[in-house]
Amino acid sequence: MSSFNEIINSNKPVLIDFFAEWCGPCKMMPPILKEVSDVLGESVRVIKIDVDKNQSLASKLNVQGVPTLVLYQNGQQLWRQSGVIPAHQLIQIVKEKALK
């Protein structure tokens, strides 16, 4: 797998879902992320990162709650929010922040 920096330095926007297996709200995110992928297709990359398996990365990025969604493009953090967010709202945010 690519390193985290290689992933976020892409021209293509990258939406990252920081989650944990034990997190109830995190279990609501897969269908939401699937809808985002279905609507935006190849224009955005969606990945999930388990904070328990990647504790040093989560700590470095100051991820304190899960789920935390972060949008990157060209190595820059464009947007970040903790908590579940509806698919239509997430799609709108990606379009406004990264697909101008």
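Values computed for the structure shown
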{"read-out": "Val44 vs. criteria among the hydrophobic types (A, V, I, L, M, F, W, C) and over 25 Å from Leu99 (Cα atoms)", "value": "no"}
{"read-out": "Within segment 1-25, considering residues that are in contact with an Asp or Glu (Cβ under 9 Å, 6 or more places away or on another chain) and assigned to a strand (DSSP E or B), the one surrounded by the fewest Cβ atoms within 10 Å (Cβ to Cβ)", "value": "Phe19"}
{"read-out": "Yes/no for Val14 being in contact with a Lys or Arg (Cβ under 7 Å, 6 or more places away or on another chain), of a type in the set (A, V, I, L, M) and in contact (Cβ under 8 Å) with a residue 12 or more places away in the chain", "value": "yes"}
{"read-out": "Some residue of segment 72-86 being modelled with pLDDT of 95 or more, in contact with a strand residue (DSSP E or B) (Cβ under 7 Å, 6 or more places away or on another chain) and part of a loop (DSSP other than H, G, I, E, B)", "value": "yes"}
{"read-out": "Conditions (1) under 25 Å from Ser3 (Cβ atoms); (2) at pLDDT 95 or above; (3) of a type outside the set (Gly, Ala, Ser); number of the one not met by Ile91", "value": "(1)"}
{"read-out": "Leading residue by the ranking (surrounded by the fewest Cβ atoms within 10 Å (Cβ to Cβ)) among those in segment 52-100 that are in contact (Cβ under 8 Å) with a residue 60 or more places away in the chain and hydrophobic (A, V, I, L, M, F, W, C)", "value": "Leu99"}
{"read-out": "Condition met for Phe4 (touching a Leu at 6+ places or on another chain (Cβ under 7 Å), over 17 Å from Gln92 (Cβ atoms) and of a type outside the set (D, E, K, R))", "value": "yes"}
{"read-out": "Residue within segment 26-46 that is part of a loop (DSSP other than H, G, I, E, B) and surrounded by fewer than 15 Cβ atoms within 10 Å (Cβ to Cβ) present", "value": "no"}
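The values are calculated or read from the model by the stated rules, or taken from the named source; none is laboratory data. Not measured: the values here are computed from a predicted model. Cβ atoms come from the backbone with ideal geometry, glycine included; neighbour counts cover every protein chain shown.
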